[in-house]
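J.: My questions all concern the structure below.
The values are calculated or read from the model by the stated rules, or taken from the named source; none is laboratory data. Worth saying up front: this structure is predicted, and the values here are computed from it rather than measured. When we count neighbours, we look across all protein chains shown, and the Cβ atoms used for this are built from the backbone with ideal geometry, even at glycine. Only protein heavy atoms, including side chains, enter the accessible area calculation; ligands, DNA and RNA are left aside. Shrake-Rupley method; radii C 1.70, N 1.55, O 1.52, S 1.80 Å.
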Amino acid sequence: MPLHNIFIFQQQQIPVVSKVHFLLFLRSQWQWTWTKMGLLSLCILSVLIPLLLHLFSDSIDLSRPSDIGLNHTINMYLTPGEGVRVGVWHTVPEHRWKEAQGKDLDWYEKALGDGSPIFIYLHGNGGNRSAPHRIGIANVLSAVGYHVLVLDYRGFGDSTGEPTEAGLTSDAVYLYHWVKARSGNSPVCVWGHSIGSGVTTNTAVKLLEQGKNSTDLKTSMLLFVSVALHCNFLTLRLTFKLGVVIVWHSNLQKLRTPLMILHAEDDHIVPFASAQEIYRIAEKAQNSDKRVKLVPFDRSLGYLHNGLYKDPGLPDIIREFVQSLMT
């Protein structure tokens with residue numbers, strides 16, 4: 001009997017049920033293979049995207065924000081300490097963009113006193129003030145009608161010096177005082193994202209230590225924290241790229257300023273449970289669910305760690321929060 005006939009004879013003896021099981025097995029293996037490939041691709045992208053953004057932002061001349069389309073933004077440098085110079089972008093409210101064309105630093109400084117709310121944006125780890133998601137936040141706030149000052153801490157972007165916890169906090173406190181000296185009675189809010197959230201709470205506590213009581217802070221320091229926090233869920237500690245640690249727990253217990261926490265449920269870097277724990281501690285410390293708010297963004301939206309600025313409802317969320325501070 002020819003060999004191929006033997007093969008055919010044997011194939012015919014395989015029960016139908018066995019064939020079905022075999023096909024199901026192949027299908028499950030195929031699905032698992034694609035699942036693994038998908039997970040591997042996400043891991044690779046999570047590494048490559050920040051790297052590409054870092055390379056892209058490092059190629060930009062930060063002294064010329066207009067080169068990347070920020071036509072109502074000016075660059076400036078402040079000196080928060082000896083031998084330290086930090087870069088800052090100041091974006092005026094969008095409705096003043098025509099008026100802002102060709103204006104100098106003096107005009108931008110005076111504009112801070114126009115009565116519009118002011119946001120100081122303290123960004124996260126890596127890159128600089130030109131990162132796309134940071135520009136996205138600035139554009140959202142400007143469109144709502146607010147001033148936005150985006151700081152590159154010492155050691156970031158074109159800012160000089162070495163980044164340390166004390167240094168980054170000092171930079172933020174200095175910028176806050178610089179803004180308050182020029183803004184009259186305009187409300188000043190601090191938006192901290194990721195590592196910047198830790199710097200934000202440090203800044204609030206430092207202002208308290210400098211002698212400002214909680215009543216002063218209610219009107220002069222409006223804390224607005226965008227979370228995707230790089231913190232350990234159990235210890236609430238924030239770790240910098242250079243090993244600097246910010247202890248959140250004690251900061252949150254001391255805060256008496258209005259606090260809003262924004263967090264994407266699908267954050268791939270920090271679990272949503274971190275935001276829930278931070279809310280629990282802050283709400284208990286202030287004994288008020290009106291002064292402390294947690295705003296989740298559904299995982300189906302795909303915002304991950306940096307994409308909250310894409311949410312069409314974000315302007316209204318911010319506007320409502322700021323208006324509640326002014327009543």
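J.: If I filter the range 84-108 down to residues being of a type in the set (A, V, I, L, M) and buried (at least 17 other Cβ atoms within 10 Å of the Cβ), which single residue comes out as farthest from H193 (Cα to Cα)?
T.: A100
J.: Looking at (1) at pLDDT below 95; (2) on the phi < 0 side of the Ramachandran plot, can you tell me which one E99 breaks?
T.: (1)
J.: Go through the residues of the range 152-166 one by one and say whether even a single one is open to solvent by 10 Å² or more (accessible area, probe 1.4 Å), among the β-branched types (V, I, T), in a loop (DSSP other than H, G, I, E, B) and touching a Lys or Arg at 6+ places or on another chain (Cβ under 7 Å).
T.: yes
J.: I want to confirm something. Restricting to the range 266-276 and keeping residues that are within 19 Å of G124 (Cβ to Cβ) and not hydrophobic (A, V, I, L, M, F, W, C), which single residue is most open to solvent (accessible area, probe 1.4 Å)?
T.: Applying the filter and picking the extreme gives H268.
J.: Being in a helix (DSSP H, G or I) and either among the acidic types (D, E) or open to solvent by less than 10 Å² (accessible area, probe 1.4 Å) (or both) is the filter here; which residues of the range 109-127 pass it?
T.: Correct list: E109, A111.
J.: Would you be able to say whether some residue in the range 241-264 is among the polar types (S, T, N, Q), buried (at least 19 other Cβ atoms within 10 Å of the Cβ) and at pLDDT 85 or above?
T.: Looking through the range 241-264, at least one residue is among the polar types (S, T, N, Q), buried (at least 19 other Cβ atoms within 10 Å of the Cβ) and at pLDDT 85 or above.
J.: Among the residues of the range 178-204, what is the count of those that are part of a helix (DSSP H, G or I), open to solvent by 10 Å² or more (accessible area, probe 1.4 Å) and in contact with a Leu (Cβ under 9 Å, 6 or more places away or on another chain)?
T.: 2
J.: Quick check on this structure: which one of S130, S170 is open to solvent by less than 10 Å² (accessible area, probe 1.4 Å) and either at pLDDT below 95 or among the hydroxyl-bearing types (S, T, Y) (or both)?
T.: Only one candidate passes the filter, namely S130.
J.: Any residue in the range 129-147 that is within 14 Å of the chain's Cα centre (by Cα) and in a strand (DSSP E or B)?
T.: no
J.: Scanning for something part of a strand (DSSP E or B), in contact with a Pro (Cβ under 9 Å, 6 or more places away or on another chain) and open to solvent by less than 10 Å² (accessible area, probe 1.4 Å), does the range 63-82 turn up at least one residue?
T.: No, that holds for no residue.
J.: Looking at the range 174-204, which of its residues are closer than 20 Å to T327 by Cα and in contact with a Pro (Cβ under 7 Å, 6 or more places away or on another chain)?
T.: Within the range 174-204, S186, P187, C189 meet the criteria.
J.: Within the range 292-304, can one find any residue that is among the small types (G, A, S) and either under 21 Å from Y146 (Cβ atoms) or surrounded by 13 or more Cβ atoms within 10 Å (Cβ to Cβ) (or both)?
T.: no
J.: With L208, L175 as the choices, which residue is assigned to a helix (DSSP H, G or I), modelled with pLDDT of 90 or more and within 25 Å of R256 (Cβ to Cβ)?
T.: L175
J.: Another one. For a quick check of your reading of the model, give me the residue pairs whose first member lies in the range 141-155 and is under 19 Å from E94 (Cα atoms), whose second is acidic (D, E) and outside any loop (DSSP other than H, G, I, E, B), with beta-carbon atoms closer than 6 Å and at least 6 apart or on different chains.
T.: S142/E94; A143/E94
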